[in-house]
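Okay, so here's the structure we're looking at.
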Amino acid sequence: MAKANDGLDIDRITKPQSSITTNDGSTGLIESFDGVNQHGMLAVFAEDDVGVEVEAVGPEPLFTRYSDEILAMIATLQFGVES
């Protein structure tokens, strides 16, 4: 998680790292942060030899307004599924 944070302009972590589980049962880590004129969340997953990093960043108050929808989208991630 610390390596994923390197590329973001983070001033402070607002919600400490915790686990997140997708609808299909894959687990990862997620945290929320504040940066200069922005708020965001970062989720990371490692499944089936694939690493996935999801960054969602936006201005307040829009980010807070849509945070439930962002979490719902992250929960739909599927690993090992062929299209």
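Test T27 against the stated conditions and say whether it is at pLDDT below 90 and out of contact with any helix residue (DSSP H, G or I) (no Cβ under 8 Å at 6 or more places or on another chain). So T27 does not fit the description; no. Here I10 does not qualify as at pLDDT 85 or above and of a type outside the set (S, T, N, Q). Considering only residues that are acidic (D, E) and touching a residue at least 40 places away in the same chain (Cβ under 8 Å), which ones fall in region 31-83? Across region 31-83, the qualifying residues are E53, E55.
Per-residue answers, yes or no, for (1) under 12 Å from the mean Cα position of the chain (by Cα); (2) closer than 16 Å to K15 by Cα; (3) among the aromatic types (F, W, Y):
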site: G40; (1), (2), (3): yes, yes, no
site: A43; (1), (2), (3): yes, yes, no
site: G51; (1), (2), (3): no, no, no
site: A56; (1), (2), (3): yes, yes, no
site: E60; (1), (2), (3): no, yes, no
site: F63; (1), (2), (3): no, yes, yes
site: S67; (1), (2), (3): yes, yes, no
site: I74; (1), (2), (3): yes, no, no
site: F79; (1), (2), (3): no, no, yes
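Here is the figure for region 64-83: residues that are modelled with pLDDT of 90 or more and either in contact with a His (Cβ under 9 Å, 6 or more places away or on another chain) or closer than 15 Å to E31 by Cβ (or both) total 4.
The values are calculated or read from the model by the stated rules, or taken from the named source; none is laboratory data. Since the structure is predicted, the reported quantities are computational estimates derived from the model, not experimental observations. Positions of Cβ are generated from backbone atoms using ideal geometry, with glycine treated the same way; all protein chains shown enter the neighbour counts.
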